[in-house]
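Working notes, beginning with the structure itself.
The values are calculated or read from the model by the stated rules, or taken from the named source; none is laboratory data. If you're wondering where the values come from, they're calculated on a predicted model, not measured in any experiment. All Cβ positions, glycine included, derive from the backbone under ideal geometry; neighbour counts span all protein chains shown.
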Amino acid sequence: MKFRDNLNCGLNPSPSKKVVKRKFKNYTGLIYILPWIIGFVVFQLYPFIATLFYSFTNYSLGRVPKFIGLKNYIDMFTNDPYFFQAVKVTTIYVMMVVPLKLIFALFIAIILNVKIKFVNFFRTIYYIPSILAGSVTISILWRALFVNDGLVNNLLSFFHIGQIQWLGSSLMALFTISMLGVWQFGSSMVLFLAGLKQIPKELYEAGKVDGASKIRMFRIITIPLLTPIIFFNLIMQMINAFQEFTSAFVVTNGGPMRGTYLFGMKLYEEAFKNFKMGYASSLSWMLFLAIMVFTLLIFKSSSSWVHYEDGGEF
Amino acid sequence: MTKLPKALISACIIASMAISFVGCGSTKIADSSSSIVSSTQTAPASVVPAKPLTLRFSWWGSDPRHKVTMEAIDLYKTIAPNVTIESEYMGADGYKDKLMTQLASGTAPDIIQVDAPWLSDLVKQFNAFADLDQFKSILDTSGFDEKFVKTHGAIDNKQYGLPTGTNVMCMLLNKDILAKANIKSDQVWDWDTIMSEGQKVNKIDSKSYFLDMDQNAVALLIVRPYIKQKTGKQLVNDDYTIGFDKTTLVDTLTYIKKLFDAKVIQPAAESFMYKTVYFQNPTWVNNQTAATIEWVSMIVARKEGFKASAEVSLFPIPKDAKDTALLVRPAQLLCINDKSAAKEETAKFMNFFLNNKDAQLILKDQRSVPPTEAGRKVLTDANLIDPLVSQAVNMSVEKAGTAENAISSNTQLDTIMIDAVEKVAYGKSTPEVAADDMIKQFQSKLNELKALTVK
């Protein structure tokens, strides 16, 4: 008894007080997360529901919205000259950025998975770009780097390599802004690093004993045990890549000739240049559905390639 | 620690976060208890209100214009010390988008600089601006040319904006580059001579080009007038039907293609990344461009890099043009936000800005030539109008073409035109295919816009 009293710091609540204490504790927790709840309701839940509603109207700023049923969704596929361009560009962008990002992240994570003196410094350096993700400033700098007389071309001419028109053609410009996305691989890299560290060293030792080459060990030990992390990174990066906007807007403004006309840009133009809020809402819901479909597909496929050590199911 | 202080602390933290969240709201007009301010100013007969007041003024431009505008605002503070004017300025790119968002959310400034082509849309969609006729006693419009004011600032006979200056389209030239290319100094420029003589610039120096224009400038300052000169009609008729036929459009786009093929204009792959900011193109900055077609209100800023060798010339008008298509219109309009809480005070400031002699001396020609006779006289007497600006305006006013109707200057149609220019300039489509596309999209967009007018 005395020991327990000491644990309670001298307090000895009676049973009724205990109940009150528990109820009060619950409310305290609620109050602590109230700011987040308010933010979530105002900035995420409300727009979520409101855009669904507006997507079935012809809402344009300054006018009263009128219900028009599925017209926006039909127009998207039949009456919009640039909808398919945006879909095509975004798909190419996602297919370029996501695999490259994951490959670089894994590659650098393996290199940094060593115990040398300043490795933490390098890990930080490689991580920093991903914190700057979506930043307008970085996009402005990226543009300054890759314009015709920008830093990159100056460097190339210093080494007597010809100038490249990084932003001069549709595909090249898309590649350039993809590079901006890939450059921000830091967050994926950190997760891979954590995953690598969890792989038991005994497996590699056993592999060495059996005479497996480094590449073989990578293929049959590292990759399978990393699949949960690959899975997570794949989903997160894919979701982000589909919603990319800032780099296309700042670096190339959707050009040249809509070569970098990402879906985010289409949405922006319809909403804030043409003020067709109803149509823009339907576009955003289409994007949401597309991302959901792809995410579900990857989840469904995960049972065949994602390997959990503890045999856990998802 | 007991539970009560813990909860109290959490409540305080949340309260302070909530307050800081709310506090970052829109600026409010300062309001203090009324006090009698003894005034010894030489302001007009109307009484200066006792309460301190804050008005917001938004405009677009570049640094020289920002500087003189803020100087004029400082001058107003000496005349009406209780009125503080907050400056909200930025570059031209994105100004209209920002303004429309502000109007939609009811957070627009009190006095707003507006481009004349936007007036119709903004009035119809947002009922954005106050009818200036109600401020007749405060706003002196006698110095303005009545026809000019009514043509460009009025919708359905209500005066929504007053012009800040008289703007014309012209050519800005660098005579040093022309001399290097052996182009004679008194060359008359029309579309044919631009093609024949302009080619010489790049032939002499492969890094130089005759014209530096981005896709936006090409669409608005070459394609649009070129079509109008051929048809003599509005780009889009008042009944929302297209005012030109496919042949004219193909002709126009073919001309554009020839300009790029002959390197009269710098190749699109290099120059089109400077959309709406062609003057940031190194070719312009390094004085490797012979000319550009531009609005006269911008030429003082544009010729900064080659002041001594700058020249102006009349906008290209072919001899057989059915309409000169030379637009003479307000440089910008100043409008009063209909939702402003201090419309009368705003009108007083507008009157000062447009009519006050000292203000004119400060503002100079940063919004082109003043629209009032008195303003022009003040600047000419003080030698403050750039002679090139006067020259351009004077030679253009008498050749003015028909003013554009509202629908022809709709920016969504501009976007379609810019797309066509890009396709042709990048060599992605032939002029015929691009023309087909453009007409189809015009048709579709016009149907859409027409449907919105039926309300």
Query raised in the report: When you go through (1) within 14 Å of chain A (Cβ to nearest Cβ); (2) of a type outside the set (A, V, I, L, M); (3) assigned to a helix (DSSP H, G or I); (4) more than 29 Å from residue B:122 (Cβ to Cβ) one by one for residue B:442, which number turns out not to apply?
Result: (4)
Query - Hits in the range A:157-185 - residues which are in a helix (DSSP H, G or I) and facing chain B (nearest Cβ under 10 Å) - result: A:170, A:172, A:173
Report task. Go through the residues of the range B:407-414 one by one and say whether even a single one is away from every other protein chain (no Cβ under 12 Å), in contact with a Pro (Cβ under 6 Å, 6 or more places away or on another chain), assigned to a helix (DSSP H, G or I) and polar (S, T, N, Q). Result -> yes
Query - Sole exception among (1) in the same structural domain as residue A:262 (by TED's automatic domain parsing); (2) touching a helix residue (DSSP H, G or I) at 6+ places or on another chain (Cβ under 8 Å); (3) more than 30 Å from residue A:186 (Cβ to Cβ) for residue A:61, by number - result: (1)
Query raised in the report: Mind checking which residues of the range A:131-153 are in a helix (DSSP H, G or I), within 12 Å of chain B (Cβ to nearest Cβ) and without any contact (Cβ under 8 Å) to a residue 40 or more places away in the chain?
Result: A:144, A:153
Query raised in the report: Taking the range B:280-337 only, how many residues are in a loop (DSSP other than H, G, I, E, B) and of a type in the set (Phe, Trp, Tyr)?
Result: 1
Query raised in the report: Taking the condition at pLDDT below 90 and within 10 Å of chain B (Cβ to nearest Cβ), does residue A:21 pass?
Result: yes
Query raised in the report: Do you know which residues across the range B:234-251 are assigned to a helix (DSSP H, G or I) and not charged (D, E, K, R)?
Result: B:247, B:248, B:249, B:250
Report task. Tell me, please, whether a residue that is closer than 13 Å to residue A:174 by Cβ and within 14 Å of chain B (Cβ to nearest Cβ) can be found in the range A:261-269. Result -> yes
Query raised in the report: Just wondering, is there one or more residues in the range B:63-84 that are within 26 Å of residue A:63 (Cβ to Cβ) and at pLDDT 90 or above?
Result: no
Query raised in the report: Any idea which of A:90, A:78, A:51 is more than 28 Å from residue B:128 (Cα to Cα), touching a residue at least 60 places away in the same chain (Cβ under 8 Å) and hydroxyl-bearing (Ser, Thr, Tyr)?
Result: A:90
Requested in this report: Collect the residues in the range A:148-180 that are over 24 Å from the mean Cα position of the chain (by Cα), hydrophobic (A, V, I, L, M, F, W, C) and surrounded by fewer than 22 Cβ atoms within 10 Å (Cβ to Cβ), keeping them in residue-number order.
Outcome: A:151, A:152, A:155, A:156, A:158, A:159, A:161, A:164
Report summary line: Residue count, the range A:205-239, condition free of Cβ contacts under 8 Å to residues at least 24 places away in the same chain and either touching a helix residue (DSSP H, G or I) at 6+ places or on another chain (Cβ under 6 Å) or crowded, with 17+ Cβ neighbours inside 10 Å (or both), comes to 3
Requested in this report: Tally the residues that are within 14 Å of chain B (Cβ to nearest Cβ) and surrounded by fewer than 22 Cβ atoms within 10 Å (Cβ to Cβ), restricting the search to the range A:243-257.
Outcome: 4
**Report entry** The lone exception for residue A:73 - which of (1) under 24 Å from residue A:252 (Cα atoms); (2) more than 14 Å from chain B (Cβ to nearest Cβ) it fails
**Finding:** (1)
Query - Residues within the range A:101-126 that are surrounded by fewer than 17 Cβ atoms within 10 Å (Cβ to Cβ) and in a helix (DSSP H, G or I), tallied - result: 10
